[in-house]
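Enquirer: My structure is below; once you've seen it, I'll send some questions.
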Amino acid sequence: MTQPVINPPFWLLAELTYRCPLHCVFCYNPVNYDSIKNELDTDAWIRVMREARALGAAQIGFSGGEPLLRDDLDILVAEARRLGFYTNLITSGVGLNEKRIASLKQAGLDHIQLSFQDSTQEMNDFLSSTKTFELKKKVAALIKKYDYPMVMNVVLHRHNIPHIDKIIEMALDLSAEYLELANTQYYGWAMKNRQQLLPTREQLVAAEATVNAYREKIGKQCKLLFVVPDYFEERPKACMNGWGSIFLDIAPDGAALPCHNARELPGLNIPNVKEHSIQEIWYESQAFNFFRGDSWMQEPCRSCSEKEKDFGGCRCQAFLLTGDPAATDPVCAKSPNHHVVKLAIREAAAVANADTSKEFPLVFRTDSNSKRFAG
Ligand code: SF4
Ligand code: SF4
């Protein structure tokens, strides 16, 4: 067994709020977000940033929900910059008008990532249940005007993956330098909609071929990042580069999480920054130490030669698909539960080939749906 070496956190994700004007069907926020109240105030966030920076964290992402809904965002960005963080804003674009972007620029914001849902107004607005497509295009122009690299993110799934060429063309039209084509990860709201969102293998193969053809054609004009959904792989991803290894997520209420979905895992005592310092949380808390090293692993991971590479995969995925957070991630072909993933692909393909939109309606991220899931 390997004793874990605990390095300091590198990446601090500040989820400033779960409030969001959009209602994305693949939203990565917890499905019970509506019951999670008591957002940290400005002073608490400043303390979190100071302590994380003192520990060694170098990058900060301001996300949500929609972080622009926080009136103190400029203050937080300015303080993060003063502390020496590289600062990222992860936004839907709603609320980013000229006055706001000018003030964020002045505060020292380094980087903005703008999300789109699709290349067509119809699908963009349908999937987010808002009329935001034209507004996002205006925001993209503002981002360029204020001399930021244009970093666009589109979450891919069965409904927009056939438009991948149009999505790339849209990114080129908007002079994007980076386009992240991120296949949906099946947690949170996306898990509720998995049968409606999981693409077919044929769709994925075609999409990857299109991306590769564009890479040849456009060279360095725009960097295309295409992340294959791990349901279609034989090995899991090294989730978070290992539990409690580089990533520290602070949720709006101050819960400190080793990954976005960790509070859904049973058996963890999730620490809160209202009660503990970042130092205590990172080095001493039960939750951050729980899946460090390999002593928690079961077979086949425990004796596997690849365990230093993928750390047994994603704990949240293992729990969601098997009910056991310490199980081998079923995405792995060596997992005794790998059939669960194969079955999900087959079921989603059956849904894709039939008109089942009435039987399996998409569940939108809304406060009322969230109340329902909170039970
Ligand atoms: S995924 Fe959509 S609904 Fe969820 S926080 Fe982002 S923009 Fe808002
Ligand atoms: S058995 Fe575990 S450690 Fe080995 S490849 Fe699969 S998930 Fe990774």
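Each reported figure results from applying straightforward, stated rules to the coordinates on display, with no laboratory input. Keep in mind the model is a prediction, meaning the values are calculated, not measured. Reconstructed Cβ throughout: ideal geometry from the backbone, glycine too, with neighbour counts over all protein chains shown.
Enquirer: Pairs LYS223/LYS334; LYS192/LYS237; LYS99/LYS144; LYS37/LYS99; LYS192/LYS342: which exceed 25 Å Cα-Cα?
Expert: Pairs exceeding 25 Å: LYS223/LYS334; LYS37/LYS99.
Enquirer: Using only the Cα atoms of segment 71-199, build the gyration tensor, take square roots of its eigenvalues as a ≥ b ≥ c, and label the shape rounded, prolate or oblate: rounded if a/c is under 1.5, else prolate if a/b is larger than b/c, else oblate.
Expert: Taking the square roots of the gyration eigenvalues as a ≥ b ≥ c, segment 71-199 is prolate.
Enquirer: In the chain, what percentage of the DSSP-assigned beta bridges are antiparallel, given to the nearest 5?
Expert: 10 percent
Enquirer: Return the ratio Rg/(2.2 N^0.38 Å) for segment 1-53, where Rg is computed over Cα atoms only.
Expert: 1.57
Enquirer: To continue, here is another question. How large is ³J(HN,Hα), in whole Hz, for each residue of segment 190-199 in order, when computed from phi with the Karplus curve 6.51 cos²θ - 1.76 cosθ + 1.60 and θ = phi - 60°, using x for Gly and Pro?
Expert: Residue by residue, segment 190-199 yields 5, 5, 5, 10, 4, 5, 8, 10, 4, x Hz.
Enquirer: Here is a follow-up. If one computes the Cα centroid of segment 63-134 and of segment 220-294, what distance in Å separates the two points?
Expert: The two parts, judged by their Cα centres, are 23 Å apart.
Enquirer: Next question. Taking the radius of gyration and the Kirkwood hydrodynamic radius from Cα positions alone, what is the Rg/Rh ratio for segment 1-118, to two decimal places?
Expert: Dividing the radius of gyration by the Kirkwood radius yields 1.00.
Enquirer: Explain nothing, just the number: dipole magnitude of segment 2-144 about its Cα centre with +1 on each Lys and Arg Cβ and -1 on each Asp and Glu Cβ, in debye rounded to the nearest 20.
Expert: With only Lys, Arg, Asp and Glu charged at Cβ, the dipole is about 400 debye.
Enquirer: Moving on. Alpha carbon centre of segment 295-361 versus segment 176-216: separation in Å?
Expert: Their Cα centres are 18 Å away from one another.
Enquirer: Which value, in debye to the nearest 20, describes the size of the charge dipole of the chain about its Cα centre when Lys and Arg Cβ atoms bear +1, Asp and Glu Cβ atoms bear -1, and nothing else is charged?
Expert: Computed charge dipole of the chain: roughly 320 debye.
Enquirer: Another question about this same structure. With each run of n ≥ 4 DSSP H residues scored as -39500 (n - 2.57), what mean residue ellipticity at 222 nm is computed for the chain after dividing by its residue count and rounding to the nearest 500 deg cm²/dmol?
Expert: Calculated from helices alone, the mean residue ellipticity at 222 nm is -10500 deg cm²/dmol.
Enquirer: Still on this model: On alpha carbon coordinates alone, what is the Rg over Rh value for segment 119-165, Rh being the Kirkwood radius?
Expert: Result: Rg/Rh = 1.01.
Enquirer: With N set to the residue count of the chain, report its C-alpha Rg divided by 2.2 N^0.38 Å to two decimal places.
Expert: Here the Cα radius of gyration is 0.98 times the empirical estimate.
Enquirer: What does the C-alpha gyration tensor say about the overall shape of segment 248-375? Classify as rounded when a/c is under 1.5, otherwise prolate if a/b is larger than b/c, or oblate.
Expert: oblate
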